[in-house]
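Student: Take a look at this one; I'll ask things after.
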Amino acid sequence: MEGGRSQYEQTIIDEFNRLMDIARAARARGLDPAPEPEPGLAYDTASLVEGMVGPPGVAGRIRELSSRMEKDELAFRIAEEIALGQFGDLGGEEARAEQAIRTALAILTEGVTAAPIQGISRVVIRANPDGTRHLAIYYAGPIRSAGGTDQALSVVVADLVRRRLGLSPYRATEAEARRFVEEIRLYEREVARFQYNVSDADIIKAVLSL
């Protein structure tokens, strides 16, 4: 078969192309906002990641590294390379940071959830009270589709990215730390209690030690 594909794989591709031809003919009538069908065809995770979030050219690098790296290590390496500008400036360090985190999350989730696109609202560089700059990620509801482990890893990826960009850690104020306490206690009162009770002092210490 073409490209070493099995009869089963070729049948799926042929049927996909047949349905796409029908969709293109329907869209050509001009009754839809977009003139072309939205779905694209990706043959592996690398092309899926590039098609989903980019940047251009990342698919080849993912294929190159995936032969000798596990998925988690691969995500961190690609994020680092994007942050360091190996895929172009992309509009500045803030844009590189956002691209790096989205692409890493797409690799971690293998391009099959909405988390890399809709789960991250934006990534910005903000100022600490002492004038240094830190990286901030704004999450949205669809981040839940990534699962707890990959959600947490996206924060670790962000910390790697901010280090490569020469940014400082987030430095919380005393007022912000106490706001954390209030938010947690409000959740416990209004929604549900946690399995483990953390004292106010421990929460404040943790936030101030970020």
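Student: For the chain, with a Gaussian network of springs between Cα atoms less than 10 Å apart, report the residue from 63, 144, 179 with the top mean-square fluctuation.
Tutor: Highest fluctuation among the options: 179.
Student: Which one, 150, 130, 159, has the greatest fluctuation when you compute a Gaussian network model over the chain with C-alpha springs under 10 angstrom?
Tutor: 130
Student: Using a Förster radius of 35 Å, what is the FRET efficiency between residue 206 and residue 69 based on their Cβ-Cβ separation? Nearest 0.05, please.
Tutor: Calculated value: 0.65.
Student: Relative to the present Cα-Cα distance, how much length would full extension add between residue 124 and residue 173 at 0.36 nm per residue of separation?
Tutor: 15.7 nm
Student: Moving on. Okay, helix-only estimate at 222 nm for the chain: each DSSP H run of n ≥ 4 adds -39500 (n - 2.57), divide by all residues, round to 500 deg cm²/dmol; what do you get?
Tutor: After summing the helix terms and dividing by residue count, I get -17000 deg cm²/dmol.
Student: What part of the accessible area of the chain, given as a whole %, is carbon or sulfur when the probe is 1.4 angstrom?
Tutor: 53 percent
Student: Moving on to the next point. Local charge sum around residue 64 (other residues, Cβ-Cβ under 14 Å, Lys/Arg +1, Asp/Glu -1)?
Tutor: Taking every other residue near residue 64 into account, the sum is 0.
Student: Using the heavy atoms of the protein chains and a 1.4 angstrom probe, tell me the accessible area per residue for the stretch 125-164 in square angstrom.
Tutor: 54 Å²
Student: Given H placed 1.01 Å from N in the peptide plane, which residues other than close sequence neighbours of residue 53 have an amide H under 5 Å from its amide H?
Tutor: none
Student: Given a Förster distance of 30 Å, report the FRET efficiency between residue 152 and residue 18 from their Cβ-Cβ distance, rounded to the nearest 0.05.
Tutor: 0.10
The values are calculated or read from the model by the stated rules, or taken from the named source; none is laboratory data. These numbers were taken from a predicted model, which means no experiment stands behind them. With ideal geometry, Cβ positions are generated from the backbone for all residues, glycine too; neighbour counts draw on all protein chains shown. For the accessible areas, the whole protein counts, side chains as well, though only heavy atoms, and no ligand, DNA or RNA atoms are used. Shrake-Rupley method; radii C 1.70, N 1.55, O 1.52, S 1.80 Å.
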